[in-house]
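Before any comments, here is the structure.
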Amino acid sequence: MFFGAGNLIFPPIMGASAGTNFAPAMIGFLIGGVALPVISIITIALSGTDMRDLVSRAGKSFGIVFSIMVYLSIGAFYALPRTGAVSFSTAVAPLIGTKSLTASVIFSFVFFGIAFYLCWNPGTIIDNLGKILTPILLGLLVLLVFLCLASLPASHDAPTGEYAATPLAAGLLEGYMTMDSIAALSFGIIVVTSLGHTGGGIGAKVVRRTSTAAIIAGSLLAVVYVGLGLIGHVIPNAQSYSDGASLLADAAQMTMGWPGQIVFGLIVLTACMTTAVGLIAATSEFFHRLVPAISYRAWMIVFTIISFVLASAGLSSVLAIAVPIITFLYPIAITIVFLTIATHPLRLATPALWAFRLGTWMAAAWSAATTLAHVGVKPDVINSFLMWSPLQANQLGWILPTVIAAVIGASIDVAVMKRSAT
């Protein structure tokens, strides 16, 4: 479910840009694009609930609003229609020779119809993906990576941009921008629910099974990312490409000729389909829990239709709105994940509410200020205030103030616990 179009095209262009600094850049990418999502899935299993209940420790209203924003921004109003639009423009349009609205509508109808069918029963999603789509995707990716590494010479290009000075941090930000930690908070409910259904039990058993599955999936993702990054590292004139899609398309054609275009198209289609299935199911499951009067399948119909319409009509206006929202949500999501894990061992002694609340509120406030400056709202004033924090220039300035706020909150929790004991 994690491996969508963005995950396919980010590593190759990173491998091309990193040049001789490929190793540290890839390590950074794996931290942001693999380690964080795996930890996020385990966090959902530990909490035993969906994202709304997890985030509600910061306040009931905060939990509801944040969760709705996450599911809508990476679901029907952004990532979900993007799976159909990217599949059409990258995999289908080059083969049929047209990007007409009629062709787009027909393709989107078929694409989302298949996705709708595959997630009709949430208990069978893991089987549908694990037994059908994922093996196809992995097989095609292995073929492409093997042929590229066997036939293309290694590159000795100098790193460009931030990869020259701080390759690990640049790779980390690239992995960070896959937004998979946010997706993990959404997908976690599907993973935990599916494993609960098939394993017959809850609690520690599901946590163990979910953790094992997450680690296996993360390991496979890491292997795939390294392979895709190496394609960008070895392809001739790698740094002439502006995006990973065209780089991979040319790599497939160089190694396989015209059939390579078909192979690449199938890779894009299967990658986007697995993500579409996961997003429809996760979003529908969440809103069914939020509004139980409307069934899971009714929500499926609603979100599939919205995604079909947006994918057919184009996403430029949607992207302009969605990207700043997602950028705002990501630091909050990471904070929630790590504060949940950090406070989990203390759950029997103290709920650690203030550590969670102050840390989450600080992350939200800092991220909101950064996002406002990014979209042009008093950028000079806001940036002059925010730049005291280390790594603010790299979009990571929220980390230090969030840690400080969480420590202050933990001190309050300890004081409250001691007062209750006496």
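The values are calculated or read from the model by the stated rules, or taken from the named source; none is laboratory data. No experiment lies behind these values; they were computed from the predicted model shown. Because the Cβ atoms are built from the backbone with ideal geometry, glycine has one as well, and the counts that use them run over all protein chains shown. SASA here: full protein model, heavy atoms, side chains in, ligands and nucleic acids out. Shrake-Rupley method; radii C 1.70, N 1.55, O 1.52, S 1.80 Å.
At a glance:
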item: Per-region count, the range 34-51, residues of a type outside the set (A, V, I, L, M, F, W, C) and at pLDDT 80 or above; result: 3
item: Among residues of the range 34-72, those that are open to solvent by less than 10 Å² (accessible area, probe 1.4 Å) and among the polar types (S, T, N, Q), counted; result: 3
item: Selection status of Met362, more than 30 Å from Ala103 (Cα to Cα) and modelled with pLDDT of 85 or more; result: yes
item: Residue within the range 197-214 that is open to solvent by 30 Å² or more (accessible area, probe 1.4 Å), in contact with a Lys or Arg (Cβ under 9 Å, 6 or more places away or on another chain) and modelled with pLDDT under 90 present; result: yes
